[in-house]
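*Asks:* Got a structure for you, written out below as structure tokens; questions coming shortly.
The values are calculated or read from the model by the stated rules, or taken from the named source; none is laboratory data. What you see is a predicted model; the values in this text were computed from it and never measured. Every residue, glycine among them, receives a Cβ derived from its backbone with ideal geometry; neighbour counts consider all protein chains shown.
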Amino acid sequence: MCRIVELNLTCEKNENVEDLVYANLASIYGGQVQVLRVAAPVALNFSYFQNTAVLDLSLDSMVAQIIPSVCGEVLKILKLSHAPRNFVWHHFRYDFYARPIMFRRLTILHLFYERKPATAAEIQSKAASGALNREQLVFPALIRLTIGNCTPDCDLLYAEEPIAKPKITH
């Protein structure tokens, strides 16, 4: 049996045949895939990719509707392009009830927004969904952060000042 380490899904979707092929690839080889790049509008069960360390997703078309449930604890590099305004981070939560969402090994994070400006209705919807859809995220190993196509109405990532560690005296 062959071993697949990297999987690139970049085909334009013409028929539903591709979905079946991708589903078979995911179910058979998903646990082996270390690098996953998805630039095609595919219906893919991302739960097969629990060991993926590098995830590069274009969140447009159908992919925006099926943002992955992958283990944020395992990811080392995460690139999200065409991120929609209604993007929520809880898809990366290993334990749905855990707070905060941990990305312990993530060293590189690239976020690229949709180029279209948000409408007033989208902004109101986002504000109504609870603190602008913010989740508590922790990136203890992060060394590179890139955010592209920012506009004032984008709020995909929000940073707070770190809490100073208390001094311990003996």
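*Asks:* Mind listing whichever residues of region 36-77 are at pLDDT below 70 and within 12 Å of the chain's Cα centre (by Cα)?
*Replies:* Once the filter is applied, which keeps residues that are at pLDDT below 70 and within 12 Å of the chain's Cα centre (by Cα), region 36-77 yields V63, A64, I66, I67, P68, S69.
*Asks:* Within region 15-25, is there a residue that is modelled with pLDDT of 70 or more and assigned to a loop (DSSP other than H, G, I, E, B)?
*Replies:* Looking for residues that are modelled with pLDDT of 70 or more and assigned to a loop (DSSP other than H, G, I, E, B), one finds none in region 15-25, hence no.
*Asks:* Are there any pairs, at least 6 apart or on different chains, whose C-beta atoms fall under 6 Å, with the first in region 102-121 and farther than 19 Å from G148 by Cα and hydroxyl-bearing (S, T, Y) and the second modelled with pLDDT of 80 or more and surrounded by fewer than 14 Cβ atoms within 10 Å (Cβ to Cβ), and if so, which?
*Replies:* If the second residue must be modelled with pLDDT of 80 or more and surrounded by fewer than 14 Cβ atoms within 10 Å (Cβ to Cβ), no pairs are left.
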